[in-house]
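Encoded as structure tokens, the structure appears first; notes follow it.
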Amino acid sequence: MGLFSLFEKHDSPEEVYTRFIESFGKNSFEMAAKHLYRLIVETLLKLRKNQNVQTDIFNKITMSDILFERELYDDALTELSKAKRLASDFESDLLQQLIRRIELLYLSALDFKGVTERELIKKQLKINEIMKYTKNINMHMQLYDILRHRLTHKGYARSDKQKEDLNDLVLSELHLIANSSYKGFEANKLHLLFQATYYLNSGNYKLATRHYHDLLSLFDDNPHLLLNPPIYYLRAIHGVLDSLSIAGLYHEMSIFLMRLKNLEQQDYPSEFILKVRSSFYLYESYRQLNTGAFDSAKELMIEYDNNLFKKINLMGLEDQLKLYLNATILYLCSHELVIAKKYMRKIFYSGKLFHTLPSYKTARLVNLVLQAELGNYDFLENEISAIKRNIRYEKQVYMTEKLIFRFVQDYPLPSYEKTRMKLWRKYRKEIEKIENSKYERLLLKTFDFLSWIESKLTRFPFAEILQQKVKF
């Protein structure tokens, strides 16, 4: 208890160790630590017993086994039936399979007393049906995981060619759906997740939003089937918010941001709660930045400084990168370039920590704009050449990137209005083309480069240009 109290008071393990040996002696530390570990694990198991339905099912299986050993056969089968109903209600196909196999073992040991041949065959066929469903779910999960892996490491589809690269997965998923006779919660969930993720990343935001809405309705109708923590529910909310923010429908985001807020209030693991909090902050900040509410975005960042930014090292790398990039953009929009540079350094001074993440590409483009604003023109040429090498390696030509390269190379921008407006007319046609591209809009979710260019050349306030583009 002394060791536990020290951990409550101090964050540093070194500090805990030093204070412990001062009070109890060095030789007692290892024994106390091992004993405390066992006590905490046992306590967590007892808490899980009261909270987790899977634990309840296993307890019933164990109880039926004990009763069967004591030759209380009817009671054992009754307990097993309770476990079977629970497993069925919570659609745990693996546990259903286990329970039904145990049931057949019991019946075999009793020489199938009171069971007809038809009933026996029916029980055997049910196991085969569950096994077939389990195989189908596993294949569906594999396809969804491969889709997410490609998108996590390669980023959004930015061309028809990249969209076609996902066709093998789409065809396999449609084949699975067409040949599956069972349409339970898990099958529906994975189908909607796969389809929504595919449509979002291939630029069809209307269909993506519809599938995510259906997915959230499925979760709302089956709250007892949510995982703990509800990672797929969180992904569904992310998907809707991504679709709405990319489409510029910021006024429709509030109800889904409230879903994130509600998740944050639940009793889930601290790591999951931190991810939910980060998600809420980022999407709310995107909404404020892309509607020109820079002061509100700054107030939001101050509000989340203690319970998010000061805990940033506890988060995944992609979330860390998104938070640093978001802070850079916020201070760039507010023309506080020194602070923006400080946050950008956290990204580029981290070695190769963030290099493979999709958001890193966006960070490099934002950095070009920031360095141009700071007057570091010598940096631009080398960095543009490096980014172009990566683009050639990916065998893609992106319109937004090419436009940004040309724009920052025009720095310092002309001071005469006529010259600037002539330059603006040259850029405007290309900007309109980019705005009409479903693939290019994905890049603008994080930072509206096009409105920034317009603001710089027309001298019209950036915030007002963003406000004029808001869709209602």
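The values are calculated or read from the model by the stated rules, or taken from the named source; none is laboratory data. Values in this document were obtained by computation on a predicted structure and should not be read as measured data. Every residue, glycine among them, receives a Cβ derived from its backbone with ideal geometry; neighbour counts consider all protein chains shown.
Annotations
Matching residues to (1) over 18 Å from the mean Cα position of the chain (by Cα); (2) within 21 Å of GLU264 (Cα to Cα); (3) assigned to a helix (DSSP H, G or I):
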position: ASN188; (1), (2), (3): yes, no, yes
position: HIS191; (1), (2), (3): no, no, yes
position: TYR198; (1), (2), (3): no, no, yes
position: ARG210; (1), (2), (3): yes, no, yes
position: ASP214; (1), (2), (3): yes, no, yes
position: GLY239; (1), (2), (3): no, yes, yes
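- The test for being acidic (Asp, Glu), assigned to a helix (DSSP H, G or I) and touching a residue at least 40 places away in the same chain (Cβ under 8 Å) does not hold for GLU119.
- Subset tally (residues that are at pLDDT below 75, assigned to a helix (DSSP H, G or I) and among the hydroxyl-bearing types (Ser, Thr, Tyr)) for region 152-169: 0
- So TYR281, is it modelled with pLDDT of 90 or more, in a helix (DSSP H, G or I), under 18 Å from SER359 (Cα atoms) and aromatic (Phe, Trp, Tyr): yes
- For region 416-435, the criterion of being assigned to a loop (DSSP other than H, G, I, E, B) and not aromatic (Phe, Trp, Tyr) is met by no residue.
- Qualifying residue in region 174-189 (condition: of a type in the set (Val, Ile, Thr), surrounded by fewer than 21 Cβ atoms within 10 Å (Cβ to Cβ), modelled with pLDDT of 80 or more and under 30 Å from ARG441 (Cα atoms)): no
- Looking only at region 190-206, and only at residues there that are more than 21 Å from LEU234 (Cβ to Cβ) and touching a Ser or Thr at 6+ places or on another chain (Cβ under 9 Å), the one that is modelled with the lowest pLDDT: GLY203
- Within the option set TYR286, TYR250, TYR232, being within 21 Å of LEU207 (Cα to Cα), touching a helix residue (DSSP H, G or I) at 6+ places or on another chain (Cβ under 6 Å) and surrounded by 15 or more Cβ atoms within 10 Å (Cβ to Cβ) holds for one residue only, TYR250.
- So LEU86, is it under 27 Å from TYR133 (Cα atoms) and surrounded by 19 or more Cβ atoms within 10 Å (Cβ to Cβ): no
- Region 7-39, residues that are basic (Lys, Arg) and either touching a Phe, Trp or Tyr at 6+ places or on another chain (Cβ under 8 Å) or in contact (Cβ under 8 Å) with a residue 12 or more places away in the chain (or both): ARG19
- Matching residues, region 289-335, being in a helix (DSSP H, G or I), of a type in the set (Ser, Thr, Tyr) and crowded, with 18+ Cβ neighbours inside 10 Å: TYR324, THR328, TYR331
- Close pairs (7 angstrom Cβ cut-off, 6 or more residues apart or separate chains): farther than 15 Å from ARG101 by Cβ in region 68-81, crowded, with 19+ Cβ neighbours inside 10 Å and not hydroxyl-bearing (Ser, Thr, Tyr) anywhere: GLU79/LYS60
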